[in-house]
1. Pick out the one residue from R312, R321 that is of a type outside the set (F, W, Y) and closer than 21 Å to L6 by Cβ.
2. When D303 is evaluated against the numbered criteria (1) over 22 Å from S185 (Cβ atoms); (2) part of a helix (DSSP H, G or I), which criterion, by number, is the only one it fails?
3. Restricting the range 279-300 to residues that are assigned to a helix (DSSP H, G or I) and of a type outside the set (A, V, I, L, M, F, W, C), which is nearest to ligand 1 (Cβ to nearest atom)?
4. Among (1) modelled with pLDDT of 85 or more; (2) charged (D, E, K, R); (3) more than 9 Å from ligand 2 (Cβ to nearest atom); (4) closer than 21 Å to H201 by Cα, which single condition is R323 missing?
5. Determine which member of the set R16, R62 is of a type in the set (K, R) and surrounded by fewer than 22 Cβ atoms within 10 Å (Cβ to Cβ).
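The values are calculated or read from the model by the stated rules, or taken from the named source; none is laboratory data. Since the structure is predicted, the reported quantities are computational estimates derived from the model, not experimental observations. Cβ placement follows ideal geometry from the backbone for every residue including glycine, while neighbour counts extend to all protein chains displayed.
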Amino acid sequence: MPLNCLFELTPTCNLRCQFCYVALDPYKGPYLSTDQIKSILDKLEGAGVLWLTLTGGEIFSRRDFPEIYLYARGKGFLVTLFSNATMMNERLAELFAEHPPFLVEVSIYGPNAEIYERTTQIPGSFARFERGITLLQKCGAPLVLKTPMSVFTQDHLAELAAFAKARGLRYKVDTAMDARHDGGSEPVVYRIAPRRVKELHAEMDQLNGRVEVTSEGASAMTEAPSHLAGPAPVGDCSTTAADAGPEDLYRCGAGRTGLFIDALGNASHCVIDREPSFPLLNMEWDEVWERMGAWVTQPLPKDAPCSGCTLRKKCASCPARSRLATGSPYLKDPYYCDVTHVVNGLEPVVHPDYRTMAPRTLGACAS
Ligand code: SF4
Ligand code: SF4
């Protein structure tokens, strides 16, 4: 039964983050209308979804966002919002004051305008971001700042955490950086070296003693939100699903407890892994969920490079990332394979240039 859903209301955005995973080219509209979104929300309610996360693109760029938000709230979903906050305004602040979201997660791309705008490529966006989080705080929305770590921010963790601390906000970091969901490799150029990932984990541990910081080894693609009050109620990327066997291809909650819906209304098990996908408006829910389940519960082939690997339980790679990197969910993503080895105190084993896409065939590692 699905408990959580990540729903992309729009892929369009007012920022131009250099490493954005959203691929617009093969993915032109028309995007879902207000009525189509409501119809999908009806289906999600019927399916039993409890935790609903609205994402983009930038969700506030939809003029009908207030109507969609109120409809979702009215259905009883616990609604989390992913936003860059730069389009936050007084009207939305009034809405959230009266109808609070469960959580708002806002990305912070740098502790000052210079670093922030190196990522967003939009002059003035840092000032709008600061205004946005001020408005969100004033209206009492539960707020978390988060940074997708890239080459632009990898040397600024302490400043980023200090920025959050000065505003009394919780802060979290994600060291994962994935290719675009259509396989486009642009974001990979900005990912950080496996050894730096390990160093950042240590820096986060040190900061945790002084400010409230959380770290995510892998980004939570179909996650239920980690609320201020405690851990996420269901699993995310880095959590093994309760019913996943050791040799299942997918071991996270994708397609088991969570799903993703894109701005065209296609449902898939994960935001970065959109095959197979199912047109939710034209299919019965039971068929969608059954076929999605059949995909994620298939076994890992015995001759797959990761079969029998002792690190698999704590590996940062997964079939979604493998598919993005190699074209096949059954191979392994060399970058995350190396990250996993280095973070666990081992030497990297694949060592391609981690800022390029992987070769298409990869052998097993010694682990
Ligand atoms: S398939 Fe991979 S990226 Fe997607 S939710 Fe699972 S672990 Fe995360
Ligand atoms: S460490 Fe490498 S070989 Fe082992 S499970 Fe992860 S990707 Fe596969």
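1. Numbers: R312 fails: closer than 21 Å to L6 by Cβ.
R321 is the lone residue from the list that is of a type outside the set (F, W, Y) and closer than 21 Å to L6 by Cβ.
2. Condition not satisfied by D303: (2).
3. Quick first cut of the range 279-300, residues assigned to a helix (DSSP H, G or I) only: 280-282, 285-296.
Still in the list and also of a type outside the set (A, V, I, L, M, F, W, C): 282, 286-287, 290-291, 293.
On the way: N282: 24, D286: 22, E287: 21, E290: 19, R291: 16, G293: 14 Å.
Selected residue: G293.
4. Looking at each condition in turn, R323 falls short on (4).
5. So the residue among R16, R62 that is of a type in the set (K, R) and surrounded by fewer than 22 Cβ atoms within 10 Å (Cβ to Cβ) is R16.
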